[in-house]
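Shown below is the structure under consideration.
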Amino acid sequence: MSKTRTLLQIYEKMFIVLGPQRWWPGETPFEVAVGAILTQNTNWSNVEKAIKNLKKAGKLDPAGIHKLNISELAELIRPSGFFNVKAKRVKAFISWLFSVYDGKLSKMFTKDLEIIREELLGIKGIGPETADSILLYAGNFPTFVVDAYTHRIFSRHAFIPEESSYDEIKAFFEENLPKEVKLFNEYHALLVNVGKMFCKPKRLCGQCPLKDFL
């Protein structure tokens, strides 16, 4: 069986059992981008509280955050954890957005995927997972997001070596799936849910929708 067919069967199985994930939650692309930075090393419920604070303060837009100093921003995003570090990362992203794209995500997203990705990776505090999350979920670019759940699920099923790098896992999906934004979006979201619910450090394989692929 081809890798493409197997990957699509895995997707279909997860979708049948878990349904559409409607991810990434956010009212605007900018909200999604900020959420992608804030969700590092925390759960989404904490990010939601931080996003709510920014909205309540009327600062959830590039200009609003640009005018805040680090300490003011840190206080607003405190619920997201590591708030001092994350405030610096968000500010670095916003400063870059203004210096290169006049503070406009829409202008940034007119550029070629690979160009924007390299630029994002050049911003302190933005790694591959965050960059790809911004590009896929906020920019609607066909770039596959890899996280710890993806690595755990696919290495346990022996589809990839356990020592595989981020880029190697990303290539595995992108080379064997149709390059479709909707598919990449739903596939990653479903893997996150499977990882949270079943493919934990202590496995719950008997209940997992992917048990037949072991």
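Can you find a residue in the range 117-137 that is among the basic types (Lys, Arg) and part of a helix (DSSP H, G or I)? Break it down stepwise before answering.
Just the residues of the range 117-137 that are among the basic types (Lys, Arg), to begin with: 117, 124.
Add one more test, that the residue is part of a helix (DSSP H, G or I), and what stays is 117.
Scanning the range 117-137, I find at least one residue that is among the basic types (Lys, Arg) and part of a helix (DSSP H, G or I), so the answer is yes.
Note down all Cβ pairs under 7 Å where the first residue falls in the range 146-166 and is within 21 Å of Ala36 (Cα to Cα), the second is among the acidic types (Asp, Glu) and in a helix (DSSP H, G or I), and they're at least six residues apart or on different chains.
If the second residue must be among the acidic types (Asp, Glu) and in a helix (DSSP H, G or I), the pairs left are Val146/Glu129; Asp147/Glu129.
Test Asp112 against the stated conditions and say whether it is surrounded by fewer than 15 Cβ atoms within 10 Å (Cβ to Cβ), among the charged types (D, E, K, R), on the phi > 0 side of the Ramachandran plot and out of contact with any Cys (no Cβ under 9 Å at 6 or more places or on another chain). Spell out how you get there, then give the answer.
On the way: surrounded by fewer than 15 Cβ atoms within 10 Å (Cβ to Cβ): yes; among the charged types (D, E, K, R): yes; on the phi > 0 side of the Ramachandran plot: no; out of contact with any Cys (no Cβ under 9 Å at 6 or more places or on another chain): yes.
Judged against the criteria, Asp112 is not a match.
Does any residue of the range 55-63 turn out to be assigned by TED's automatic domain parsing to the domain that holds Tyr187 and farther than 17 Å from Gly195 by Cα?
no
Run down Lys170, Lys182 and say which single residue is assigned to a helix (DSSP H, G or I), under 22 Å from Gln21 (Cα atoms), among the basic types (Lys, Arg) and without any contact (Cβ under 8 Å) to a residue 24 or more places away in the chain. Steps first, answer last, please.
Values: Lys170 fails: without any contact (Cβ under 8 Å) to a residue 24 or more places away in the chain.
Of the residues listed, the single one that is assigned to a helix (DSSP H, G or I), under 22 Å from Gln21 (Cα atoms), among the basic types (Lys, Arg) and without any contact (Cβ under 8 Å) to a residue 24 or more places away in the chain is Lys182.
Does the range 132-144 contain any residue that is free of Cβ contacts under 8 Å to residues at least 24 places away in the same chain and not aliphatic (A, V, I, L, M)?
The first filter runs over the range 132-144 and keeps only residues free of Cβ contacts under 8 Å to residues at least 24 places away in the same chain, leaving 135.
Then drop every residue that is not not aliphatic (A, V, I, L, M), which leaves none.
Scanning the range 132-144, I find no residue that is free of Cβ contacts under 8 Å to residues at least 24 places away in the same chain and not aliphatic (A, V, I, L, M), so the answer is no.
Please go through the range 156-167 and pick out each residue that is within 20 Å of the chain's Cα centre (by Cα) and either on the phi > 0 side of the Ramachandran plot or surrounded by fewer than 17 Cβ atoms within 10 Å (Cβ to Cβ) (or both). Give the derivation first.
Residues of the range 156-167 that are within 20 Å of the chain's Cα centre (by Cα), as a first pass: 164-167.
The answer is Ser165, Tyr166, Asp167.
Please give the number of the condition Thr143 fails out of (1) farther than 22 Å from Thr28 by Cα; (2) in contact with a helix residue (DSSP H, G or I) (Cβ under 6 Å, 6 or more places away or on another chain); (3) assigned to a loop (DSSP other than H, G, I, E, B).
Only one criterion in (1) farther than 22 Å from Thr28 by Cα; (2) in contact with a helix residue (DSSP H, G or I) (Cβ under 6 Å, 6 or more places away or on another chain); (3) assigned to a loop (DSSP other than H, G, I, E, B) is unmet by Thr143, namely (1).
Which condition breaks for Ile16 when tested against (1) surrounded by 13 or more Cβ atoms within 10 Å (Cβ to Cβ); (2) among the β-branched types (Val, Ile, Thr); (3) in contact (Cβ under 8 Å) with a residue 60 or more places away in the chain?
Every condition holds for Ile16 apart from (1).
Do the conditions hold for Leu136, that is, is it of a type in the set (A, V, I, L, M, F, W, C), touching a Phe, Trp or Tyr at 6+ places or on another chain (Cβ under 7 Å) and at pLDDT 95 or above?
Values: of a type in the set (A, V, I, L, M, F, W, C): yes; touching a Phe, Trp or Tyr at 6+ places or on another chain (Cβ under 7 Å): yes; at pLDDT 95 or above: yes.
Spelling it out, Leu136 is indeed of a type in the set (A, V, I, L, M, F, W, C), touching a Phe, Trp or Tyr at 6+ places or on another chain (Cβ under 7 Å) and at pLDDT 95 or above.
The values are calculated or read from the model by the stated rules, or taken from the named source; none is laboratory data. Every value quoted in this text rests on a predicted model; they were computed, and no experiment measured them. Backbone-built Cβ (ideal geometry, glycine too); neighbour counts: all protein chains shown.
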